[in-house]
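S.K.: I'd like to ask some things about the structure below.
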Amino acid sequence: LIAKIPIKLNVNGHDYVVEVRPHWTLNHVLRNEMGLKGTKQSCGTGECGACTVVFNGKAVCSCIFPVMKADCGKIVTIEGLSSGGKLHPLQEAFVEHGAFQCGFCTPGVIMKAKAFLDGNPAPTELDVKEALVGNICRCTGLVKPIKAVLAAAEKMSKKE
Ligand code: FES
Ligand code: FES
């Protein structure tokens, strides 16, 4: 076995030193070494977006993201979105709009939307469609998730 190497990760606002094997992906480390099972893995090849997390402010597919590349980086997963027991506006909007069925794609869709709205707080419907193009939802065809992202943007703009 290849020896483990310690790397530093800031995950959901907390600093960790994690022992990793250099060929592991970020998805493997989050799910299997850190117990953050909210981030899913489906295709494992960067095609479906189920594994999306926010890395240094950008949405990335954690299933193909080498963990060594994440050293000293800042990662936000679905577990890091709510604060003080309160859901993030995106999570609230997904519940209010019935924007998931099986829920398998949902953490990835929400994290993609989070990074997107951070950079574009007042998107059009087309902007949202384009932003979610790499996320596959076999249950909803993304119709309701797109509505939920637009509703969340509106909610967030009223808060500011
Ligand atoms: S599981 Fe990563 S893109 Fe599909
Ligand atoms: S809610 Fe089932 S795949 Fe999206």
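The values are calculated or read from the model by the stated rules, or taken from the named source; none is laboratory data. This structure is a prediction, so every number in the text was calculated from the model and none was measured. No Cβ is skipped: glycine too gets one built from the backbone with ideal geometry, and neighbour counts run over all protein chains shown. When the accessible area is computed, the model is the full protein with side chains, heavy atoms only, and any ligands, DNA or RNA have been set aside. Shrake-Rupley method; radii C 1.70, N 1.55, O 1.52, S 1.80 Å.
S.K.: Across segment 69-81, what is the number of residues that are surrounded by fewer than 15 Cβ atoms within 10 Å (Cβ to Cβ) and either aromatic (Phe, Trp, Tyr) or touching a strand residue (DSSP E or B) at 6+ places or on another chain (Cβ under 8 Å) (or both)? Walk me through how you get there before you give the answer.
M.R.: At the first step, the residues of segment 69-81 found to be surrounded by fewer than 15 Cβ atoms within 10 Å (Cβ to Cβ) are 69, 71-72.
Then drop every residue that is not either aromatic (Phe, Trp, Tyr) or touching a strand residue (DSSP E or B) at 6+ places or on another chain (Cβ under 8 Å) (or both), which leaves 71-72.
Going through segment 69-81 one residue at a time, the tally reaches 2.
S.K.: Also: Of the residues that sit in segment 108-133 and are open to solvent by less than 40 Å² (accessible area, probe 1.4 Å) and farther than 17 Å from Val53 by Cβ, which one is nearest to ligand 1 (Cβ to nearest atom)?
M.R.: Applying the filter and picking the extreme gives Val128.
S.K.: Any chance segment 80-92 includes a residue that's within 16 Å of ligand 1 (Cβ to nearest atom), of a type outside the set (D, E, K, R) and more than 22 Å from Phe116 (Cβ to Cβ)?
M.R.: Within segment 80-92, not a single residue is within 16 Å of ligand 1 (Cβ to nearest atom), of a type outside the set (D, E, K, R) and more than 22 Å from Phe116 (Cβ to Cβ).
S.K.: If you scan segment 47-84, which residues turn out to be part of a strand (DSSP E or B), at pLDDT 95 or above, of a type outside the set (Phe, Trp, Tyr) and more than 17 Å from Gly103 (Cβ to Cβ)?
M.R.: Val54, Lys58, Ala59, Val60, Cys61, Pro66, Gly73, Lys74, Ile75, Val76 - these are the residues of segment 47-84 that are part of a strand (DSSP E or B), at pLDDT 95 or above, of a type outside the set (Phe, Trp, Tyr) and more than 17 Å from Gly103 (Cβ to Cβ).
S.K.: Still on this structure: Working only within segment 134-153, note down all residues that are outside any helix (DSSP H, G or I), within 18 Å of Val53 (Cβ to Cβ) and among the β-branched types (Val, Ile, Thr).
M.R.: Hit for segment 134-153 is Ile136, nothing else.
S.K.: So which residues in segment 112-160 are farther than 26 Å from Thr45 by Cα and among the polar types (S, T, N, Q), if there are any at all?
M.R.: The answer is Asn120, Thr124, Ser157.
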